[in-house]
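The numbers here are math on the coordinates, done by the rules we state, and not lab data. Bear in mind that the values here come from a model prediction, so they are computed numbers and not experimental data. Using ideal geometry, Cβ is built from the backbone for each residue, glycine included, and neighbour counts are taken over all protein chains shown.
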């Protein structure tokens, strides 16, 4: 899996601070822009995040490039509707058949051997269909959910907070959780203040999962706190 942050709104924390100040000031945008110092921006952003006035975060967008995730993971990803996606087509691009292996499968030699045989059989059938003249849009029916894909993702900062709350939780499926952790790490490197409280519910207080909680909030907090720092994921 490869996750890279391609673009981010310039000076994102100042943009959020400007939007927050604008709502309550009679001054012009130009005057406000000159007035907001770096310290003011930090205070305003922290206040906005603590009060839950998240609409101003929507003025900041981040675009990621993700490669080497499975179609199973990308199907989960695109359920997050407030975002823009561009995914490599299996209709117009014949698959160079790479696939993702779950750790639970890789941990068992017997299961792994059977899994790899199945993937090889899928690859052979796909190639046979293509050679017989079946169009890629139909030949792809033989490909499994494990097939690797690549996708561009653009989300605003508010939606990213929501995405990270759901997908960095230990109850999230392992592959999209790993992707979300890498996305959060990159976001914190670019806009540390905007995303310093991002993560699952237990990072900010109690776990919202109730009886389905992993039961290890302190461990999760340490893990999420390390993201975006030197040595973090």
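The Cα trace of the chain gives Rg and Dmax of 21.4, 70 Å, the first to one decimal, the second as a whole number. Averaging the sequence gap over all C-alpha pairs within less than 8 Å and six or more residues apart, then dividing by the number of residues, gives the chain a relative contact order of 24 percent.
Here the gap between residue 34 and residue 204, fully extended at 0.36 nm per residue and compared with their Cα-Cα distance, gives a gain of 57.9 nm. For residue 110 and residue 54, what is the calculated FRET efficiency with R₀ set at 41 Å and r taken between the beta-carbons, to the nearest 0.05? Rounded to the nearest 0.05, the efficiency is 0.25.
Centroid-to-centroid, using Cα positions, segment 146-178 and segment 49-79 are 7 Å apart. For segment 1-86, averaging the sequence separation of C-alpha pairs within contact (under 8 Å, six or more residues apart) and dividing by the residue count gives a relative contact order of 49 percent.
The modelled label-to-label distance between residue 27 and residue 211, using points 7 Å beyond Cα along the C-beta direction, is 5.4 nm. Based on the Cβ-Cβ distance from residue 120 to residue 171, what FRET efficiency comes out when R0 is 30 Å, to the nearest 0.05? Between residue 120 and residue 171 the formula returns 0.35.
Label separation (residue 225 vs residue 46): 1.6 nm, computed from points 7 Å beyond Cα along the C-beta direction. The distance separating the Cα centre of segment 193-229 from that of segment 4-34 comes to 28 Å. Each of residue 63 and residue 189 was given a label point 7 Å from its Cα along the Cα-to-Cβ line. The distance between the two points is 1.9 nm.
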